[in-house]
Amino acid sequence: PRDPLGAEFSRIDLLRTILPKEVLRQQLTIERYIKIPEEVRERYLAIGRPTPLLRARRLEEYLGTPAKIYFKYEGATPTGSHKINTALPQAYFAREEGIEHVVTETGAGQWGTATALSATMYGMKSTVFMVKVSYEQKPMRKSIMQLYGGEVYPSPTDLTEFGKKVRKENPNHPGSLGIAMSEAIEYALDHHLKYLVGSVLDVVILHQSVIGQETIAQLDELGEEPDVLIGCVGGGSNFGGFSFPFIGNGRGKKYIAVASAEIPKFSTGEYKYDFPDSAGLLPLVKMITMGNSYVPPPIYAGGLRYHGAAPSLSLLMKEGIVGWREYNENQIFEAAQMFMRTQGIVPAPESSHAIRAVIEEALEAKRANRKEVIVFNLSGHGLLDLPNYDSMMKRVTSNEQR
Amino acid sequence: PRDPLGAEFSRIDLLRTILPKEVLRQQLTIERYIKIPEEVRERYLAIGRPTPLLRARRLEEYLGTPAKIYFKYEGATPTGSHKINTALPQAYFAREEGIEHVVTETGAGQWGTATALSATMYGMKSTVFMVKVSYEQKPMRKSIMQLYGGEVYPSPTDLTEFGKKVRKENPNHPGSLGIAMSEAIEYALDHHLKYLVGSVLDVVILHQSVIGQETIAQLDELGEEPDVLIGCVGGGSNFGGFSFPFIGNGRGKKYIAVASAEIPKFSTGEYKYDFPDSAGLLPLVKMITMGNSYVPPPIYAGGLRYHGAAPSLSLLMKEGIVGWREYNENQIFEAAQMFMRTQGIVPAPESSHAIRAVIEEALEAKRANRKEVIVFNLSGHGLLDLPNYDSMMKRVTSNEQR
Amino acid sequence: MLVVYMTLGYPDNERYLEFMEEAVKNGADILEIGIPPKYAKYDGPVIRKSYEKVAGKFDLWSFLPETRKVIGGTKAIALTYLEDWVQELDDFLCKLKRAGLDGVLFPDLLIDFVDDYQTYSTRVREKGLNNVIFTAPSVPDKMILQVSRQSDLFLYYGVRPTTGIPLPITVSSLVTRVRNLVDNKLVVGFGLSDENDLRKALKAGADGAAIGTAFIQAIDNGGVKQAIDLVIKLRSVLDEF
Amino acid sequence: MLVVYMTLGYPDNERYLEFMEEAVKNGADILEIGIPPKYAKYDGPVIRKSYEKVAGKFDLWSFLPETRKVIGGTKAIALTYLEDWVQELDDFLCKLKRAGLDGVLFPDLLIDFVDDYQTYSTRVREKGLNNVIFTAPSVPDKMILQVSRQSDLFLYYGVRPTTGIPLPITVSSLVTRVRNLVDNKLVVGFGLSDENDLRKALKAGADGAAIGTAFIQAIDNGGVKQAIDLVIKLRSVLDEF
């Protein structure tokens, strides 16, 4: 990480103020393994970890592939995605520091939900700045955060100087993740609260590595040796958490990171120093990025609407260790529907990107008559994304009718 | 079952026409155990059975009870409730008979969802008559059925004579489960399709007994002997499927069936012969009932808006083997929120009735300092009921402010 | 043991008597005479329709004795619903006896009067009538065992929940279960006219079958002659065992 | 080994020279002279501000030799970003040598020029300068081992991602890791002024510490005297080991 040239304040120093100390320490660690605190392990158990590793046998049959397809189902957690894996330890470390109130931002709502639940589980309050347009379009996401005891505000708000400024310029501003993040950080600074971070940082991937660790153990129990590991990439935390333990232990032969063709960061992004956040409040990091001022188009897989990829993942891709794919919404809808109808699970639109890559790998294995083992991370279910699928379905149907 | 006095047609004979033969055979069986066909077991595995038996340790801590609380989590299935347990075998038996298209009705949508997925999994079409007001108010439920490949119609429709008649009388009729059921049965008869049945019948409870069988095995593995078994009752299939294996094997000391205080069938219903359906198309059965013409008030726990309780359950209650409770919406909202904030899982409003009883039992155990083991069936998650919880939250909050 | 059912006076008094007479001649062991009830709860549509057709066509107590004249010494029992007679049971039973019947079968006894079935059984026997008890798959093992001791002539076991509708069931396991429980002669009924089902029931240890709906349908289709042909056929199936 | 850093000409030319002279007298083993870069990417706010303050206050190549006059034979290395000089590297290195410096440390060498670090190291050595290499926790083990062979005087290990900000880290494990890898003298820097941290680093096997931000803050707060007091104190901590 670096501070930008001519910085008015040190972004690196800011981390020290807003992050729980232990979170920052883990961000800077070089330990190969870090023990999960007993208090976090207990909560992991309480939310249903280890999540199941399931075989997609019906999908295999449908595709007629000789490949075996397994998936780690992170949607089995109560908040419906992998996000809870890092929200819990971050909340725990904040609580251990004596913090009584945490704050964050959320776009589509997955991260805010995980934060609200984790805060409640450790007896803290939580405040979530939710991008206004999502707040209005995804009322269920707002509801679940409130049910978990979170305070949710549609950002931009009048609670921060930054929010006020934005609203003054445009009272009907729909908000953005960058603005919400800026508000959350400002709010944390003003109220001496701690800020929880949802992706990109190494510490987040560290926490998410519980996914990959569990998957390795589960595959070992089944006596399976994985060939291909696949995950989707927003900031990179689910992909990293899933695949890095495999890469680090020399398990698997091929690692595929899947992004959205509408936010084509792998095919068109540059590898350079950039801000992880739109507002430029965080230190610069070196990553594959579309630029922090890039405005992503409104795709349904909200979690993939991020301009960059975590520095560690970017480096592995740059070094050719991790490969990539990009798919558009038609392609992922097709994959999602195939998965739903064979396996029953409604995947999150984000995770459907991974599914598309799995299907293509499995068909490739069929052509080559290769008995490989494909494992992917189903990072979340799509039950709260049903309105999105509905819109996709209508669009696809109307395309077909033309 | 009986045909009603002066019946124009035999309801019992109708069953033969609309139900898959093996379903009806199982309805009439006296076997103590019936083997689950291998093809159904495979699908059970594919949808994540056995579902987890989890300990609600955080809830125990919060209540400060010496009791241990376990719950069987049926919300872990892809369609989010226990309904899939019977939809799968019914669809399988239909398919085995060469049927290519099944039909059913659905109120809140859980049953229709399970039917649509099960039909798809066995390569059949499905048609679901969904109560119009739910169709409009629960668009996500409609979406998921369509995504699974189901045809969904808002009932009353013009597809049946009965629907046409209702619409002629009132073009804006909001529909009812009784009307939807009548339409589904008429549609099945007219098109020579098979009808899948969601609750009440013994065969449905038979299929649902996979819940209780699994729970017994899981408790045995943990070395726990259950004292109290609790579940909520709509038609009785989740409660029966969960508790009957315990009752039949002499496991447990106390069985509590929980209904809604707004549909007070246990406290005010009569034990008599009545139609299981509002339209009176099915044979009369002897059960605890509010009368088949009873119009349930619009509570959020749509699955509990049923006028009766399965004959087998009614008999066990009548014989004093199964006890009961009834709770109102304020009470269950409180329980749901407590559960969400301690365990993270958003329970279905229906299942929250069971949770309320569990909490009261656990507090009773605390007063008596009794180290009992309470096990309940969390029949479904409430992720698609979030708008309902949102409304409850608003109402409770506004009550508090008064 | 072939138990032949016919609704009293069906399709008309004359042909009813003709059928009863011929049935006995052609192998009926016991006759079961359906007295039209107010609400034939546990009967299927064919028998229900037969009740409707004969309603009001005769005076019960004067016509019933006619049967005895044509069947000679063959045992005959009345089938009717206790519900209709429970208020005046002693009177009803005395009349039955006087009308020449040997016994009575109430299909609703164990379902709707289960708590008092012993009282009613005792009263039937006290009047010198055979008490034939109707059981069904839904009756618990323990109760079947208990009631079997109070059933005369045979124990009637209705394998389906209603008469005359070929609902899919596994006859053999249903019968085996009761066969292993009781010592009585076991007569199986309710939709048993199918030859396959009948053979399965006999193979599983039933001592006989009670057939009704099939005779009514035979009379409707081809008159008494066709019904008697069916008696002959069923008799031959039974004789295989 | 006490490595004392000061930004060239801070807070002004006179006091800079006074500090350097006194530092040597009071125990500095090696001096590290910060040449203001265009973009101090890996420096914290205190050092960045010091660069801004001295910018334009001297001519680099005429002022730099002044240092040598006051420090006698003590080793002095320049700290500056390769980025600024990469286009004219040979010329820059020659000038450094002529200005009386013993070596150079580029903090961005392994981060931004990793693919060519050997070429640059070789060029530094060819000019008769010591090549001090800067490594960090994010550098992989294998690379630390490789570069350690090309580092003269000592291996510089910056335990935090930036200077002068006490980010929470576990100093001991960070140092142990490198200590077990390399044979060089190991000097630990980046936020190491805290006595606890320093002791932990030394206990874990570090041979010395490079301190910078703390001296600038001391000069700002209490002038050269206070900064020299700090030199004395750090020296005494080092001498414990």
- the stretch C:216-241 - residue that is in contact (Cβ under 8 Å) with a residue 60 or more places away in the chain and of a type in the set (Gly, Ala, Ser) and, of those, nearest to C:MET20 (Cα to Cα): C:ALA227
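Could you check, for the stretch A:227-242, whether at least one of its residues is open to solvent by 20 Å² or more (accessible area, probe 1.4 Å) and of a type outside the set (Ser, Thr, Tyr)?
So the first thing to find is which residues in the stretch A:227-242 are open to solvent by 20 Å² or more (accessible area, probe 1.4 Å), and the list is A:227.
With the extra rule that they be of a type outside the set (Ser, Thr, Tyr), the set shrinks to A:227.
Scanning the stretch A:227-242, I find at least one residue that is open to solvent by 20 Å² or more (accessible area, probe 1.4 Å) and of a type outside the set (Ser, Thr, Tyr), so the answer is yes.
Hey, can you tell me all the residues within the stretch B:13-28 that are at the interface with chain C (Cβ under 8 Å from one of its Cβ atoms) and either modelled with pLDDT under 90 or within 16 Å of B:ALA188 (Cβ to Cβ) (or both)?
B:ASP13, B:LEU15, B:ARG16, B:LYS21, B:LEU24
State all residues of the stretch B:300-348 that are outside any helix (DSSP H, G or I), among the aromatic types (Phe, Trp, Tyr) and within 14 Å of chain A (Cβ to nearest Cβ); if no residue qualifies, say none. Quick ask: steps written out before the conclusion?
Step one: list which residues in the stretch B:300-348 are outside any helix (DSSP H, G or I), which gives B:300-301, B:305-310, B:319-328, B:344-348.
Filter once more, so that each one left must be among the aromatic types (Phe, Trp, Tyr): B:300, B:306, B:324, B:327.
Across the stretch B:300-348, the qualifying residue is only B:TYR300.
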- Message: Any residue in the stretch C:144-163 that is under 28 Å from B:ARG11 (Cβ atoms) and more than 14 Å from chain B (Cβ to nearest Cβ) sitting within a Cβ distance under 9 Å of a residue that is open to solvent by 30 Å² or more (accessible area, probe 1.4 Å) and outside any loop (DSSP other than H, G, I, E, B)? List the pairs, counting only those 6 or more apart or interchain.
- Response: C:VAL147/C:GLN118
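Give the residue, chosen from A:TYR62, A:TYR92, A:TYR70, A:TYR33, that is open to solvent by 40 Å² or more (accessible area, probe 1.4 Å), of a type in the set (Phe, Trp, Tyr) and either within 23 Å of B:ARG55 (Cβ to Cβ) or within 14 Å of chain B (Cβ to nearest Cβ) (or both). Quick ask: steps written out before the conclusion?
On the way: A:TYR92 fails: open to solvent by 40 Å² or more (accessible area, probe 1.4 Å); A:TYR70 fails: open to solvent by 40 Å² or more (accessible area, probe 1.4 Å); A:TYR33 fails: either within 23 Å of B:ARG55 (Cβ to Cβ) or within 14 Å of chain B (Cβ to nearest Cβ) (or both).
When all the criteria are applied, what remains is A:TYR62.
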- Of the residues that sit in the stretch A:349-399 and are open to solvent by 40 Å² or more (accessible area, probe 1.4 Å) and not in a helix (DSSP H, G or I), which one is nearest to the other protein chains (Cβ to nearest Cβ)? A:LYS371
- Would you pick out the residues in the stretch D:57-100 that are open to solvent by 10 Å² or more (accessible area, probe 1.4 Å) and touching a Ser or Thr at 6+ places or on another chain (Cβ under 8 Å)? D:GLY100
- Item | Tally, over the stretch B:266-292, of residues that are out of contact with any His (no Cβ under 7 Å at 6 or more places or on another chain) and either modelled with pLDDT under 85 or open to solvent by less than 30 Å² (accessible area, probe 1.4 Å) (or both) | 14
- Query: Of the residues in the stretch C:198-228, how many are touching a helix residue (DSSP H, G or I) at 6+ places or on another chain (Cβ under 9 Å), hydrophobic (A, V, I, L, M, F, W, C) and not in a helix (DSSP H, G or I)?
  - Reply: 4
- Could you give every pair whose Cβ atoms fall below 7 Å, whose first residue belongs to the stretch B:122-141 and is away from chain A (no Cβ under 11 Å) and open to solvent by 50 Å² or more (accessible area, probe 1.4 Å), and whose second residue is of a type in the set (Gly, Ala, Ser) and part of a helix (DSSP H, G or I), counting only separations of at least 6 or pairs across chains? B:LYS125/B:ALA119
- Does A:LEU219 meet the test of being within 21 Å of A:SER134 (Cβ to Cβ) and away from every other protein chain (no Cβ under 14 Å)? no
- Scan the stretch B:40-57 and give yes if some residue there is open to solvent by 50 Å² or more (accessible area, probe 1.4 Å), over 30 Å from A:GLU60 (Cβ atoms) and within 14 Å of chain A (Cβ to nearest Cβ), otherwise no. yes
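For (1) among the charged types (D, E, K, R); (2) in a helix (DSSP H, G or I), each residue gets a yes or a no:
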| position | (1), (2) |
| --- | --- |
| A:ARG25 | yes, yes |
| A:VAL40 | no, yes |
| A:ARG43 | yes, yes |
| A:LEU54 | no, no |
- Task: Could you tell me which numbered condition B:ILE84 fails, if it satisfies all but one of (1) within 12 Å of chain A (Cβ to nearest Cβ); (2) under 23 Å from B:MET181 (Cα atoms); (3) modelled with pLDDT under 95?
- Result: (3)
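The values are calculated or read from the model by the stated rules, or taken from the named source; none is laboratory data. Because the structure is predicted, anything quoted here is derived from the model rather than measured. All Cβ positions, even for glycine, are placed from backbone atoms using ideal geometry, and neighbour counts span all protein chains on display. Quick note on the areas: whole protein, heavy atoms, side chains included, nothing else; ligands and nucleic acids left out. Shrake-Rupley method; radii C 1.70, N 1.55, O 1.52, S 1.80 Å.
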